[in-house]
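Inspection log for the structure reproduced underneath, given as structure tokens.
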Amino acid sequence: MVNQLNFTKFNGCSRQAYLTARDKNYKSLKDKYNMSSRLHDIQSDMLRSFPDGVWVYGDTKRAALDTRAIVEKGEEVIYNATFIHNGASARCDVIMLENGAYDIYAVRPTSRYTRWIDEVLFSKIIMEKSGVKVGNCFVCAIDREGMKGKTLSVINVNNYRRQKKLEERLERILKNIALEAIPEPSLTRLCGSCPYLESCFAKSEDSIFTLKSIPFTKKMSLFQKGVKTVDSFAKMPDCDDKTKREILVRSTDEDVYSKEEIASFLKTLHYPLGFLDFETMEVFRPKEKFLAPMDTVITQFSYHLIEKEGAEPVHFEFIGDGEHYCEKEVIKELCKCIGKDHCVLMYSDYEKICIERLMKRHPKSASKLEVIVNNLVDLEKPFAKKVLVNRAMEGKSSLKKVLPALYPDCPELDYSRMAIKNGQQAESVYARLGRMSGKEKENAMRDLREYCALDTLAMIKLWEKLEFY
Ligand code: SF4
């Protein structure tokens, strides 16, 4: 069935349309909006702004039948109204009867409403095709708390020309879905971001598309020239050292590395050497004027510092209380523990992005923070460049992949034994912190501290591994 989600994801490929419509594992709308923890807030907003409505429940077919009956009764407000037409379905958060036609309201947890326009217009198309008269289409963007007493910004997104284009696209998709045989794959640039690339072009383990260290456009051009396997590419002069290491690692259980490239990375570092990691959270409805809904804020950090060669690492940390915006304290604490002369390792450039955001939000502290930004070095880079790689990394360079691959039997570096195992879990625990008290809050804060500290400890271990080679 074509719905709002897969409709906006279609890239024009008839095979993709055919496969998506039959894909049982396709993410649900709920997953897409990551709404599970926020669903309650969204529903409260909907109910406050559109009171006295009737809920529709159940799977798509059941919900569509019930919606039809409720619409026929002439109910004024319907939540989760569902419509099906000819292999396509649409669910609307709220529809409201106004002058003999239903207006559609999509409630979304963001003030950036433009990305939802196609989805709302898609709902309008399906409703009209199912014989329901539609008036206007609105995106209700959940706004800042207490802003002029409103909780939702309502934006009319009716656009007749856009709707016509979407209608044509829907017709094309439905035609492709109805085909009896699966359309043949045709390689284009769009395949690079298609979830079906593997089933179309990378069926064998030796496929050129399984290589991680070259961009998709290059793989595509090699494939079109007949270089379809990793083996054949390995013999070509334009197979660089990084790719050669990626290929070599497939046939050995040993670490594969480049001494020169490791040395050249290590040369960029100096003592005092720091290791920095942030945890962050999206704020659903911020109170601060300089924040927009769903903006990301820093909630805690861990910083390990090695003053000089051979010295033991010293640990610094900060964590907010989960009740207030705490980035001002983050700045104060960061500037206290990170000296102007520190060389600061981060993993990926996320910490840099976070500090640059802090500089914009708190311009008075920008010059102090700029010093830290200028001293940041990305520890993921050597692993992304495959200067040290092994098979267990599976072609990836994330900390959670590289660490166990280089320290396979090291319980103190094992995230799976931790109460908090990953950043997402840390975010969701922190989001609940404000509603906790006593022992429960104490334990949650301890778990968060331990998790964040392990991230910087893990970075020390990875740096030590590079030093070893
Ligand atoms: S990989 Fe390419 S050909 Fe295959 S379904 Fe996706 S877009 Fe279509």
Applying the Karplus parametrisation 6.51 cos²θ - 1.76 cosθ + 1.60 with θ = phi - 60° to the phi angles of the stretch 266-279, what ³J(HN,Hα) value in whole Hz is obtained for each residue in order, glycine and proline being reported as x?
-> 4, 4, 6, 9, 8, 8, x, 10, x, 10, 10, 9, 9, 10
Potential extension, LYS368-CYS343 segment - 0.36 nm per residue separation minus Cα distance | 7.5 nm
In deg cm²/dmol and to the nearest 500, what is the mean residue ellipticity at 222 nm of the chain if only DSSP H runs of at least 4 residues count, each as -39500 (n - 2.57), divided by the residue total?
-> -12500 deg cm²/dmol
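For a Förster distance of 56 Å, can you work out the FRET efficiency between the beta-carbons of TYR196 and LYS308, rounded to the nearest 0.05? Show your work: numbers first, answer last.
Numbers: r = 53 Å, r/R0 = 0.95.
After rounding to 0.05, the efficiency reads 0.55.
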Pull up the DSSP beta bridges for the chain and report the antiparallel fraction as a percent, rounded to 5.
-> 70 percent
Between GLU76 and residues 5 or more places away or on another chain, which pairs have amide H atoms under 5 Å apart, with H built 1.01 Å from N, and which residues are they?
-> none
How much length is gained on full extension from GLU167 to SER416, taking 0.36 nm per residue of separation minus their Cα-Cα distance?
-> 84.8 nm
Lys and Arg at +1, Asp and Glu at -1: add these up for the other residues within a Cβ distance under 15 Å of LYS228 and post the number.
-> +1
Rounded to one decimal in nm, the spacing of the 7 Å Cα→Cβ label points at LYS259 and ALA181 is 5.9 nm
Relative contact order for the chain, counting Cα pairs under 8 Å that sit 6 or more residues apart, in percent | 11 percent
Using packing as a proxy for protection, rank 432-440, 412-420 so that the peptide with the highest average count of other Cβ atoms within 10 Å comes first.
-> 412-420, 432-440
Please tell me the relative contact order of the stretch 305-391 in percent, rounded to the nearest whole number, where contacts are Cα pairs under 8 Å and at least six residues apart.
-> 27 percent
Within-12-Å neighbourhood charge of LEU197 [Cβ basis; K, R +1; D, E -1] = +3
Beta carbons within 10 angstrom, averaged per residue: use that to sort the peptides 256-266, 374-384, highest first.
-> 374-384, 256-266
By count of other Cβ within 10 Å, fewest leading, how are LEU197, LEU121 ordered?
-> LEU197, LEU121
Under the Karplus curve 6.51 cos²θ - 1.76 cosθ + 1.60, θ = phi - 60°, whole-Hz ³J(HN,Hα) for the stretch 305-320, x wherever Gly or Pro sits | 10, 10, 5, 8, 3, x, 6, 6, x, 10, 10, 10, 7, 8, 9, x
Once you put a point 7 Å from the Cα of SER204 and another 7 Å from the Cα of LYS218, both along the Cβ direction, what distance in nm separates them?
-> 2.2 nm
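Stick to Cα atoms and the Kirkwood definition of Rh, then tell me Rg/Rh for the chain.
1.02
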Can you tell me how much longer the chain between ARG435 and THR60 gets when fully stretched, taken as 0.36 nm per residue apart minus their C-alpha distance, in nm with one decimal?
-> 131.5 nm
Of the beta bridges DSSP finds with both residues in the stretch 240-469, what % are antiparallel, to the nearest 5?
-> 75 percent
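No lab work stands behind these numbers, since they all come straight from the coordinates. Computed from a predicted structure; not experimentally measured. Methodologically, a virtual Cβ is constructed for each residue, glycine included, from the backbone with ideal geometry; neighbour enumeration extends over all protein chains shown.
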